[in-house]
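Some notes on the structure that comes next.
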Amino acid sequence: MDEKESLTTENSCGGSADMCSHPTPPAPKPAAAPTTSAATAAAAPAELHACMGLNACKGHDRFGTNSCAGTGYCATAERHNCKSLNNCRGQGGCGLYGTAEDDATPGANECAWQGSCAVPIQAERYSTQGENKGKSVWVLARKLFEERMKKANRTYGPSPYECGPPQAWLVQSLGSYDSCGSAGNKYCTFGFNDPAKDAKELCERSLHHVICGSARQTESASAATEVSCKGSPQAEVSCKGSPQEA
Amino acid sequence: MELTKFFKDQTEVTPENLGEAIQQAIEIEIATIPVYLYTYYSINRVPNQDAISGGLVQQLTSKGTPLAEANKIALDLSAEIMVYANKAGANIMSVVMEEMLHMALSSNLKQALVGPPSLTGRSPAGYPTMLPGHQPEFSIDLAPLSLNQLMTFLKIESPKPLPEAPELLKAIPYTTIGEFYGMIKSCIDSNDLTYDTSRPQLTPGNRYYAPNMIDTVYYDKQHRPRYVDADDSGDLVHVVDRASADKAITQIVEQGEGNVDAGFNPDGSVNCERPPKQDYDDPMDRELSHFEKFAEIYCRYNELSKLFQSYGLDGDIGKYFIVNFPTNPSTAKYPDAVGYPPGTLQAVSTLLNAVYTYIFVMTEGCYRHSKGNTQYEIFMFGIHKSMIFILNSICGDIQSLSYFLNGQYYTAAPTFENYPFGLLSSPKSQLVQLYNNAVALFPTISYLGQRINDLPDVPLN
């Protein structure tokens with residue numbers, strides 16, 4: 001089911017089609033109070049997913065306020081900062097450690113501890129292996145999510161950020177954010193580049209990327225060509241002197 | 001170091017001593033891993049550019065350079081340091097990963113031809129050490145990054161014999177690692193050997209090895225990610241016959257030393273004149289051999305030193321990004337850490353060594369299990385997790401401890417010693433106890449408890 005169809009179809013998770021077509025504009029959220037496991041157990045269980053825009057149902061983002069599949073703000077999977085620390089299937093971020101096969105399945109790993117990187121997936125993260133090497137991990141995760149939704153005849157809306165949550169937004173939203181690796185901040189400058197421009201280019205390059213040799217661009221990629229990437233973080237992020245990441 | 005004496009009078013590899021020769025090869029690979037890792041951890045890959053730049057501006061203006069020009073020079077030089085520190089780290093990590101791959105390839109070779117490899121407790125017993133059998137012998141330190149240490153790395157990976165005179169034979173002698181593997185290959189090629197394919201090996205296609213990951217990436221001056229390793233530079237090889245055995249050996253040699261035409265100048269110096277065609281280790285010519293990677297770091301270090309000196313600045317660029325590690329430390333000789341209870345540094349260092357040793361215990365376990373998912377689970381949830389999320393973490397945490405010795409402060413460093421697991425309880429239960437001992441004194445590592453508890457319980461061989 002594509003996005004046009006969703007305009008006339010009730011979202012089976014409870015969100016109206018209209019809501020799906022008009023997601024809440026991106027805005028940093030305050031850090032939420034930690035949810036206790038008891039509280040989580042009392043509520044209807046949310047499908048666990050790895051990041052913004054990857055939720056299959058209304059109300060299944062970290063804040064429980066999203067109106068539609070694909071429009072959620074944040075991961076419901078437990079936050080973790082690197083490979084093999086995910087609790088369950090579908091909760092691995094992927095992209096920085098692991099094999100080409102691992103990097104091909106962000107947010108879609110088969111089992112606990114088989115993810116390859118942090119959750120949530122920041123917009124600036126790129127794959128280090130395989131077909132998606134040098135391109136956005138989140139965009140690939142979103143592509144896999146959209147394919148899963150289509151296969152399940154589900155309606156979904158656009159993500160709050162077209163190319164995933166910028167790291168600066170995650171820091172503002174969650175209070176802190178860390179992803180694995182010792183190579184330093186992915187969104188950074190030594191004084192000779194514009195990191196916002198770099199983030200935009202990564203976004204655009206990834207949206208246009210053709211995965212696995214397919215000649216056809218994804219529908220989301222085609223749609224995205226008409227709008228500029230909105231994922232450039234506004235806040236200044238310093239990469240100078242950051243401590244070695246775990 | 002007390003070298004293992006594999007042969008009394010023989011200097012050839014024969015079908016009779018092939019197993020011992022391959023074990024010697026395995027131990028050559030193992031000997032390089034802690035040495036390269038130690039130097040890797042001495043590098044701060046993301047130093048504070050603002051602090052570097054600010055200090056340089058002060059130095060430049062004090063020498064009469066106008067402020068605007070000083071700012072421009074300082075920005076440029078500090079960016080060069082940022083790139084170099086990260087690139088040096090990425091290159092050394094990429095070599096470490098390939099040395100671990102070589103250890104697995106040699107272990108596969110031994111498993112197919114002779115039987116299981118011996119890995120646990122086979123790291124150098126102390127430092128300085130030497131490569132088993134290398135002629136001439138040369139001293140190898142656990143030491144922070146320096147030109148001297150890089151020269152040692154180049155000697156290890158040299159495709160040409162070193163110029164010094166040979167000394168006493170203590171193991172089967174060779175002048176380059178490639179030559180030694182060549183002797184093993186000759187034995188394999190000239191004899192009709194039996195390959196036991198029923199014994200488990202670490203084989204390709206199981207997601208055990210990946211050439212690139214974020215720690216082998218660095219950023220150039222424009223902060224574009226650069227990948228040190230090529231996708232086609234190598235993989236595990238299932239050794240089932242002569243052809244696959246040769247393939248494994250060829251890969252080890254090409255990744256390590258590369259082309260025999262490369263190497264030191266005749267006088268023993270490093271050739272920093274860029275050769276017409278650099279020595280790559282992959283079919284697409286995108287990844288340098290270990291020797292060339294180290295040569296590049298060595299030469300760039302000198303170039304940057306000269307660049308700093310050209311502005312009247314101190315050419316000792318290491319002070320901007322190299323941690324104040326000691327040379328050849330050991331847990332037993334570590335004094336108490338400043339500001340922590342007595343025994344803290346020893347407890348953390350002992351835990352680190354036990355984790356390091358347990359990785360070899362688990363690797364040996366992989367060579368005992370082929371049925372079901374046991375090998376996969378040991379590898380992915382044991383070895384992989386230990387390397388990235390336990391050992392790497394402690395190697396970072398231990399650096400928050402410092403000590404005072406012989407009139408100066410040092411940052412505590414990983415010693416990568418063999419931990420002697422006892423036989424009365426499982427290595428994992430001992431590991432948990434060592435963690436409990438360490439965390440009681442050093443709560444910083446409390447986040448590691450669950451990760452250690454999650455490790456598979458693999459017995460000693």
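Observations
- Scanning the range B:34-59 for residues that are within 16 Å of residue B:393 (Cα to Cα) and either outside any helix (DSSP H, G or I) or among the basic types (Lys, Arg) (or both) yields B:42, B:43, B:44, B:45.
- Failed condition for residue B:115, given (1) out of contact with any strand residue (DSSP E or B) (no Cβ under 6 Å at 6 or more places or on another chain); (2) away from chain A (no Cβ under 14 Å); (3) closer than 28 Å to residue B:221 by Cβ: (3)
- From the list B:399, B:430, the one residue that fits, being farther than 30 Å from residue B:216 by Cα and touching a helix residue (DSSP H, G or I) at 6+ places or on another chain (Cβ under 9 Å), is B:430.
- Cβ separations smaller than 6 Å between residues 6+ apart or across chains give no pair from the range B:251-269 residues that are surrounded by fewer than 18 Cβ atoms within 10 Å (Cβ to Cβ) to residues that are modelled with pLDDT under 85 and in a helix (DSSP H, G or I).
- Going through (1) assigned to a helix (DSSP H, G or I); (2) surrounded by fewer than 20 Cβ atoms within 10 Å (Cβ to Cβ) one by one, residue B:64 falls short only on (1).
- Any chance residue B:19 is assigned to a helix (DSSP H, G or I), farther than 27 Å from residue A:185 by Cα and in contact with a Lys or Arg (Cβ under 8 Å, 6 or more places away or on another chain): yes
- Given (1) modelled with pLDDT of 95 or more; (2) within 18 Å of the chain's Cα centre (by Cα); (3) not basic (Lys, Arg), index of the condition residue B:115 fails: (2)
- Residue list for the range B:365-386, restricted to those being surrounded by 20 or more Cβ atoms within 10 Å (Cβ to Cβ) and in a helix (DSSP H, G or I): B:365, B:366, B:375, B:378, B:379, B:380, B:382, B:383, B:384, B:385, B:386
- Among (1) in contact with a strand residue (DSSP E or B) (Cβ under 9 Å, 6 or more places away or on another chain); (2) within 14 Å of another protein chain (Cβ to nearest Cβ); (3) over 26 Å from residue B:125 (Cβ atoms), the one test that residue B:411 misses: (3)
- Candidates A:191, A:184: the one that is in contact with a Phe, Trp or Tyr (Cβ under 7 Å, 6 or more places away or on another chain) and in a loop (DSSP other than H, G, I, E, B) is A:184.
- Some residue of the range B:214-221 being out of contact with any Ser or Thr (no Cβ under 7 Å at 6 or more places or on another chain) and free of Cβ contacts under 8 Å to residues at least 40 places away in the same chain: no
- Looking only at the range B:48-61, and only at residues there that are of a type outside the set (Val, Ile, Thr) and crowded, with 21+ Cβ neighbours inside 10 Å, the one that is farthest from the other protein chains (Cβ to nearest Cβ): B:60
- Tally, over the range B:405-461, of residues that are touching an Asp or Glu at 6+ places or on another chain (Cβ under 7 Å) and charged (D, E, K, R): 1
- Residue count, the range B:199-256 (criterion: in a loop (DSSP other than H, G, I, E, B) and within 14 Å of chain A (Cβ to nearest Cβ)): 26
The values are calculated or read from the model by the stated rules, or taken from the named source; none is laboratory data. What you are looking at is a predicted structure, and each value in this text was computed from that prediction instead of being measured. Glycine gets a Cβ as well: all are built from the backbone with ideal geometry, and neighbour counts include every protein chain shown.
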